[in-house]
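So the structure is just underneath, and the comments pick up after that.
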Amino acid sequence: MGCLARVAEETLLDYVTRPKNILILSYWSLREPLTAAAVFPYMRILSERSDVGTIRLVTMETTKKFLPEVDLDIEKVTHTEIRSRKGISGGIAKAELFIRTVFVLIRMVRREKIDLVIAKASLAGAIADLVHFLTGVPYMVESYEPHATYMAECGVWERSSLRFRFAHWMEQRQLVHASHIITVTRNHRNDLIREGISPQKVHVVPSITDLEVFRFDPVERQRIRAELGIPEGSEVGIYVGKFGGLYFETEAFEIFKRAMDGMHDMHVLVLSPSDHEHIRQLAEEAGIRRDRFHVLTVKHVEVPHYLSASDMAFSTIKPSPAKRYQCPIKNGEYWANGLPILMTDGVADDHLLMRKGLGGAVYREDLADLDQALGNIRKILDQPGHRSMIQGLARRFRSSTIIQDVYEELFGPDDAGSASGG
């Protein structure tokens, strides 16, 4: 009996003192731009901690469209992909992938002695919650947002549908069972606390951006403009992302067109993984000249070059009450490059700054005040040194030091990592 007690004691001490094994679950493909923007920066910071031993990244590979290759060159990180089964499609395929991922993660947690599961957003959080229920492994949810409510408010899901009810139920379970919840806006944290969630459990980390990677580069500005045939004297408005669903579709192209009409010899540049022919068709229907409209799919690491070639940016998100809880990753990337943003009012914490003329301008859903918003963008562009001032907003509200501070609060100070410059 004494021998068994001694073994148990040694196992417990080993658990306390050894570097921890972390599993990160992403609901998006490894090659989705969203993964590079919303997962990679967090993994880099975790990998620098001396108290982190291994990081297992698990991605759910559901997309069948072309996506550029990515380099996963982060220390301590190994990648596992879980693909949809061939021969099934639609809701059955999604349900099968969801259930299979739960059991793959259960085996992984036990085999690799995972100490913590980090789910990226609430869709992945639903899987992490079931893995926690079946194994006891603790989990936390980063970038937690009410996804089911977003989808209902923008008309993609019916509130009476099984999909909405299941997703909403799982979001509520995460608020109860997750060790920690990290929201992306103060609005959301404050509302969750008012609903009874402990303030010690809920933290805020806006969608962070690698400020060095996304900095303005005048050399790339000239190169990209030359490749696209854009004169140096022309202004460029850029949009990075998809259309439809949570984002405007036809309205986005009306916004592009009116910006082109109001700015100086403007070209519009779209970086999107969506179907290019469909995007060009929407642009043509909006009356946008083909010779001033450019659409590409590029690697995420190349996005800063195209931002540097631009003068302003679009963030065309469908407004709804819950969008106060959203924090568009693209906004941080735009700001890091020094671009003022033309954005829908009422989105994220950012709109409160833009209403004051800081970092951009906002317009109402009906676009009735769009010309006024464009005039406010014009004022920003005419300010000497405006790019540098906007980059200051990125340093204050999108810096990686924000998540570093939260990790120190959750995991404790990493003295060894700090001493080695990690």
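Can you name every residue in region 164-177 that is under 25 Å from residue 347 (Cβ atoms) and either aromatic (Phe, Trp, Tyr) or touching a residue at least 40 places away in the same chain (Cβ under 8 Å) (or both)?
Of all residues in region 164-177, those under 25 Å from residue 347 (Cβ atoms) come to 164, 167-168, 170-172, 174-175.
164, 167, 170, 171, 174 - these are the residues of region 164-177 that are under 25 Å from residue 347 (Cβ atoms) and either aromatic (Phe, Trp, Tyr) or touching a residue at least 40 places away in the same chain (Cβ under 8 Å) (or both).
In this structure, does residue 57 turn out to be surrounded by 15 or more Cβ atoms within 10 Å (Cβ to Cβ), of a type in the set (A, V, I, L, M, F, W, C), modelled with pLDDT of 95 or more and in contact with a strand residue (DSSP E or B) (Cβ under 8 Å, 6 or more places away or on another chain)? Walk me through it before giving the result.
Working: surrounded by 15 or more Cβ atoms within 10 Å (Cβ to Cβ): yes; of a type in the set (A, V, I, L, M, F, W, C): yes; modelled with pLDDT of 95 or more: yes; in contact with a strand residue (DSSP E or B) (Cβ under 8 Å, 6 or more places away or on another chain): yes.
Answer is yes for this residue.
Taking only region 269-279 into account, find how many residues are of a type in the set (Gly, Ala, Ser) and part of a helix (DSSP H, G or I).
Looking only at that region, the number is 0.
How many of the residues making up region 223-235 are more than 9 Å from residue 308 (Cα to Cα) and either surrounded by fewer than 14 Cβ atoms within 10 Å (Cβ to Cβ) or aliphatic (A, V, I, L, M) (or both)?
Looking only at region 223-235, we keep the residues that are more than 9 Å from residue 308 (Cα to Cα), and these are 223, 225-235.
Of the ones still in play, those that are also either surrounded by fewer than 14 Cβ atoms within 10 Å (Cβ to Cβ) or aliphatic (A, V, I, L, M) (or both) are 226-233.
Residues meeting the conditions: 8.
Working only within region 381-411, note down all residues that are without any contact (Cβ under 8 Å) to a residue 40 or more places away in the chain, more than 18 Å from the chain's Cα centre (by Cα) and under 21 Å from residue 201 (Cα atoms).
Those that are without any contact (Cβ under 8 Å) to a residue 40 or more places away in the chain, more than 18 Å from the chain's Cα centre (by Cα) and under 21 Å from residue 201 (Cα atoms): 405, 408.
In this structure, is residue 72 crowded, with 18+ Cβ neighbours inside 10 Å and of a type outside the set (Val, Ile, Thr)?
Working: crowded, with 18+ Cβ neighbours inside 10 Å: no; of a type outside the set (Val, Ile, Thr): yes.
The answer is no for residue 72.
Counting just the residues of region 293-304 that are touching a residue at least 40 places away in the same chain (Cβ under 8 Å) and buried (at least 18 other Cβ atoms within 10 Å of the Cβ), which one comes out nearest to residue 234 (Cα to Cα)? Let's see the steps before the verdict.
Step one: of region 293-304, the residues touching a residue at least 40 places away in the same chain (Cβ under 8 Å) are 294, 297-301, 303-304.
From what is left, the residues that are buried (at least 18 other Cβ atoms within 10 Å of the Cβ) are 294, 300, 303-304.
On the way: 294: 14, 300: 25, 303: 20, 304: 19 Å.
My answer is 294.
Scan region 297-311 for residues that are more than 8 Å from residue 68 (Cβ to Cβ) and among the β-branched types (Val, Ile, Thr) and report the count.
Total meeting the criteria: 2.
In region 318-338, which residue that is at pLDDT 85 or above and of a type in the set (S, T, N, Q) is nearest to residue 182 (Cα to Cα)?
Among those residues, the one meeting the criterion is 326.
Report yes if some residue within region 46-53 is assigned to a helix (DSSP H, G or I), under 24 Å from residue 413 (Cβ atoms) and hydrophobic (A, V, I, L, M, F, W, C); otherwise report no.
In the first step, residues of region 46-53 are kept if they are assigned to a helix (DSSP H, G or I); the result is 46-47.
Checking which are under 24 Å from residue 413 (Cβ atoms) leaves us with 46-47.
Within this subset, residues satisfying the condition of being hydrophobic (A, V, I, L, M, F, W, C) are 46.
Yes, because at least one residue in region 46-53 is assigned to a helix (DSSP H, G or I), under 24 Å from residue 413 (Cβ atoms) and hydrophobic (A, V, I, L, M, F, W, C).
Check off (1) surrounded by fewer than 19 Cβ atoms within 10 Å (Cβ to Cβ); (2) over 23 Å from the mean Cα position of the chain (by Cα); (3) in contact (Cβ under 8 Å) with a residue 40 or more places away in the chain for residue 114 and give me the number that stays unchecked.
Going through the list (1) surrounded by fewer than 19 Cβ atoms within 10 Å (Cβ to Cβ); (2) over 23 Å from the mean Cα position of the chain (by Cα); (3) in contact (Cβ under 8 Å) with a residue 40 or more places away in the chain, residue 114 breaks only (1).
Return the residues of region 9-39 that are modelled with pLDDT of 85 or more, within 27 Å of residue 214 (Cβ to Cβ) and out of contact with any Leu (no Cβ under 8 Å at 6 or more places or on another chain); say none if nothing qualifies.
The answer is 35, 36, 37, 38.
If we keep just the residues of region 174-202 that are in contact with a Pro (Cβ under 8 Å, 6 or more places away or on another chain) and under 30 Å from residue 385 (Cα atoms), which is surrounded by the most Cβ atoms within 10 Å (Cβ to Cβ)?
Ranking the qualifying residues of region 174-202, first place goes to 184.
Would you confirm whether any residue within region 272-281 is closer than 24 Å to residue 63 by Cα, surrounded by fewer than 20 Cβ atoms within 10 Å (Cβ to Cβ), without any contact (Cβ under 8 Å) to a residue 24 or more places away in the chain and in contact with a helix residue (DSSP H, G or I) (Cβ under 8 Å, 6 or more places away or on another chain)?
Checked against the condition, which is being closer than 24 Å to residue 63 by Cα, surrounded by fewer than 20 Cβ atoms within 10 Å (Cβ to Cβ), without any contact (Cβ under 8 Å) to a residue 24 or more places away in the chain and in contact with a helix residue (DSSP H, G or I) (Cβ under 8 Å, 6 or more places away or on another chain), region 272-281 yields at least one hit.
Which ones in region 157-175 are within 20 Å of the chain's Cα centre (by Cα) and either more than 17 Å from residue 195 (Cα to Cα) or small (Gly, Ala, Ser) (or both)?
Listed by number, the list holds a single entry, 167.
Scanning region 203-215 for residues that are more than 20 Å from residue 347 (Cα to Cα) and surrounded by 18 or more Cβ atoms within 10 Å (Cβ to Cβ), which turns out nearest to the chain's Cα centre (by Cα)?
The initial filter retains those residues of region 203-215 that are more than 20 Å from residue 347 (Cα to Cα), namely 210-215.
Filter once more, keeping what is surrounded by 18 or more Cβ atoms within 10 Å (Cβ to Cβ): 210-211, 214.
Values: 210: 12, 211: 15, 214: 15 Å.
This residue is 210.
Could you tell me which residue of region 117-171 is surrounded by the fewest Cβ atoms within 10 Å (Cβ to Cβ), considering only residues that are among the polar types (S, T, N, Q) and at negative phi? Steps first, please.
Our first condition is that a residue be among the polar types (S, T, N, Q); within region 117-171, this holds for 122, 135, 143, 149, 160-161.
Going one step further and asking which of them are at negative phi, we end up with 122, 135, 149, 160-161.
On the way: 122: 28, 135: 17, 149: 20, 160: 8, 161: 14.
Here the residue is 160.
The values are calculated or read from the model by the stated rules, or taken from the named source; none is laboratory data. If you're wondering where the values come from, they're calculated on a predicted model, not measured in any experiment. Cβ coordinates were reconstructed from backbone atoms using ideal geometry, including for glycine residues, and neighbour counts include every protein chain displayed.
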